[in-house]
Amino acid sequence: MKTNLFLGLALLSMAPNAVSAQENADSLYIRNSVYMLKLDMPADNEEYAHAYEVTNKAFDGIDFATRYPNYNDFNLGSHHIDWSTVPTATKAEMDAIEKESAKDALLKTTLASMGVKVDPIAEREYAARLLNYFNANKFGNQLVAKWHVPQGADYKNVAAWDEQLGVIMALGMKGLSDEARENAKQTQNLVALCGNSENKLLGTTYVCVNNYRMMNAKEKSATAIAMAKVTLEFLPGIAKMAGNIAVKAAETAAAKTKGYFVRTNAYLFKLDWDKAKFDDFYAKYWDKPADFNANANYQLKYVGRSSKYAGAGLTMKSANLDKLIARGALRATDAAFAALQRDYDEFRPMSSLHVDGDKLVAYIGTKEGVKAGDKFDVFMCQKDGNEVEWKKVGTIKVAKNSVWDNQEGANETLEGEAEDGEKKEGNAELKYTIFDGKPGKKIGEGCLIRLAK
């Protein structure tokens, strides 16, 4: 692996100044890593059997590194989990994920009263069982090993570690200052300098599992109405008016909803890693990979979930049905992924800010869940000892009518597509999302932005 080290050092010699060359911001920050998976389940309705085949093909066709460029595509090969191989979970394990509330129970009975078939498996059960699956199959060990073995080596039965940490170095050197980079070239001590980067990479390694289901207009609408009604029941008196408005909005949308929809439930997990586990790994296993195979027990932990819908065909015999289902599956996947970013701060990525003339712009839009009026924190890279740190220098807001519609098939109208009566975000004629304000000394080309809390 000396070749990898020398290549890394050569790249360092060509790397831009980490503090002054803001235009290279994309190459200077350490991204979160995500392993995308699909839960393979039997069709819950024979009418949808073909739709699930199309959804499966659409998922398998995703190039995750290209589709989600603000994350490292870090995976263990297969992108599928067979539900029949997933172990059960006890009530205590499900309660550890989320206790069943009176609100959950009321939602079940409300849906049943509206003639909607309720999934016998609760969301918390899916999450608990998936967590059991990961830990029973030593996914945590495999993720740790994959980071540390030579590229292409077996990470299920480790024979030897990569002494030069080629994968970690290639990504971790992004977080080094100019002085640290120069010192690394002179001393060839990049490994020691990248300890913090290694912890950042492993500590932000996520697994996202997508569960797809088809729903007809009645089921989708009833679910939205039931959720609004149940929420209303638990609102304090002062908020009842807003709750009633939400119920009426759901009922109004229901009257305009026609066709079939793809629902994606996404479950997010994270490698449980910190400085103590870093020390444990090197103390116990670095010189003894056989002991790692036999005794290591690194695990995943549950972060949270999201659920989103996207339209498919107006009927199950619509013109362009396969295209509509595939597009719906991809849109729902993107929407659920974006919802996880919005709901869980730690999972939010950074994106590059750019300048076009006198406008502040970014190449993100509806696919990333951007909405009108969203505020984004702006960061500039600054030297902090041996490392580059991203310091907040301001906040910008998405300009009015300036969200780029970059969702799957945004510029393509397909005959026979479903209707949901919801207001569409974004403008497909734009080529980026535009923010209020003008470029300045601190806020401009080369900064990074992240959705504000």
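The values are calculated or read from the model by the stated rules, or taken from the named source; none is laboratory data. Bear in mind the structure is a predicted one, so any value in this text is a computation, not a measurement. Reconstructed Cβ throughout: ideal geometry from the backbone, glycine too, with neighbour counts over all protein chains shown.
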Conditions (1) assigned to a loop (DSSP other than H, G, I, E, B); (2) at pLDDT below 95; (3) not small (G, A, S); number of the one not met by T88: (2)
Qualifying positions in region 104-135 - touching a Lys or Arg at 6+ places or on another chain (Cβ under 7 Å) and within 30 Å of L271 (Cβ to Cβ): E123, A127
Members of region 218-230 found to be buried (at least 18 other Cβ atoms within 10 Å of the Cβ) and either basic (K, R) or in contact with a helix residue (DSSP H, G or I) (Cβ under 8 Å, 6 or more places away or on another chain) (or both), listed by number: K220, S221, A222, T223, A224, I225, A226, A228, K229, V230
Top-ranked residue of region 383-414 - restricted to ones that are at pLDDT 95 or above, among the hydrophobic types (A, V, I, L, M, F, W, C) and outside any loop (DSSP other than H, G, I, E, B), ranked as farthest from the chain's Cα centre (by Cα): V393
Subset tally (residues that are assigned to a loop (DSSP other than H, G, I, E, B) and among the charged types (D, E, K, R)) for region 37-82: 2
Test: G426 is buried (at least 18 other Cβ atoms within 10 Å of the Cβ) and under 23 Å from the mean Cα position of the chain (by Cα): yes
Residue in region 1-31 that is modelled with the highest pLDDT, counting only those that are part of a helix (DSSP H, G or I), of a type in the set (S, T, N, Q) and over 21 Å from L201 (Cα atoms): Q22
Filter pass, A184 being out of contact with any Gly (no Cβ under 7 Å at 6 or more places or on another chain) and at pLDDT 95 or above: no
Any hit, region 63-76, residues being in contact (Cβ under 8 Å) with a residue 12 or more places away in the chain and more than 30 Å from V388 (Cα to Cα): no
Count of residues meeting criterion [of a type in the set (A, V, I, L, M, F, W, C) and surrounded by fewer than 16 Cβ atoms within 10 Å (Cβ to Cβ)] in region 43-75: 3
Residue check for D162: touching a residue at least 12 places away in the same chain (Cβ under 8 Å) and acidic (D, E): yes
Residue match in region 32-40 (condition: on the phi < 0 side of the Ramachandran plot, more than 13 Å from the chain's Cα centre (by Cα), at pLDDT 95 or above and among the hydrophobic types (A, V, I, L, M, F, W, C)): yes
